[in-house]
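The values are calculated or read from the model by the stated rules, or taken from the named source; none is laboratory data. Model, not experiment: these values are computed from the prediction. Glycine also receives a Cβ, built like all others from the backbone with ideal geometry; neighbour counts cover every protein chain displayed.
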Amino acid sequence: MKVNINKQNMFVVSGALIGTLAGATSLLARHVHQEIQRRGYPTWHECRCDFKTQDTIFQVWHSRHEQRGETIIAQEWGTYLVNPPTWLRALLHHSTQVLAVLNPLGHYIERVTLSPQQSYQFAAILQASATNEDLPEPTFKDDLYVIWRREVLHFPRYLFDAYLRRLYPVNVSSERLTQEEGLPALWDPSSNLPLPNEGTLLETPVGTRIDCIGWAPAQISYCTARSSQN
């Protein structure tokens, strides 16, 4: 008799735990869905992410983003996904949005433009921070101006390899300056530095917030670009 009572108690406790877990999962799923809508993340049909558009996807697992003098260096380590099926692409898209919502760090990247008018000032700030010197006056030279360039130093060639990019200032003459436009870039507020990244995220409007998926600034995707800033 006592054994039967213990079994009944176990069934009751197990049922209560399962019910609590199911309820919590349902609430969490509802919260994630509402938050995705509130942030204005693009749907699968609207999205322009690599998961949807690229035959080969470079999935970033870890990255390092640092300043070296006046140059910004980004190193990304990841793996290749070659011609994944559509269901896996859609799963990666939706999983990315869920991870961004549940990311407790709340890191994000902002779409900016490094205009020629701001480039000298920014280069001077980087130089001063690298040499521990006072910030020079933001004045232009008579015949030279500063603009920013983006360059890929190493392209990943193997299943697991590194992607190495840099963002650096160069001097141009006043004649060439009239032909130059501002450089679209992604700004990391946590390090107060831009990222040398390329891709469709640079085509988003200035001021767009892109939520990070993981712990590194390079772990971003078009899937988490906010069309609504509410």
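If you take the residues of segment 44-63 that are modelled with pLDDT of 85 or more and either assigned to a strand (DSSP E or B) or of a type in the set (A, V, I, L, M) (or both), which of them is surrounded by the fewest Cβ atoms within 10 Å (Cβ to Cβ)? First the steps, then the outcome.
Applying the first criterion (modelled with pLDDT of 85 or more) to segment 44-63 yields 44-58.
Still in the running and either assigned to a strand (DSSP E or B) or of a type in the set (A, V, I, L, M) (or both): 56-58.
Details: 56: 10, 57: 20, 58: 15.
For segment 44-63, the residue satisfying everything is 56.
Tell me, which residue of segment 75-128 that is assigned to a loop (DSSP other than H, G, I, E, B) and over 18 Å from residue 166 (Cα atoms) is modelled with the highest pLDDT?
From segment 75-128, those assigned to a loop (DSSP other than H, G, I, E, B) are 83-85, 103-107, 115; that's our starting set.
Next, from what is left, pick out any that are over 18 Å from residue 166 (Cα atoms): 83-85, 103-107.
Working: 83: 90, 84: 90, 85: 93, 103: 84, 104: 79, 105: 81, 106: 83, 107: 87.
Going through the qualifying residues, I end up with 85.
Any residue at all in segment 49-67 that is free of Cβ contacts under 8 Å to residues at least 12 places away in the same chain and among the hydrophobic types (A, V, I, L, M, F, W, C)?
Scanning segment 49-67 turns up no residue that is free of Cβ contacts under 8 Å to residues at least 12 places away in the same chain and among the hydrophobic types (A, V, I, L, M, F, W, C).
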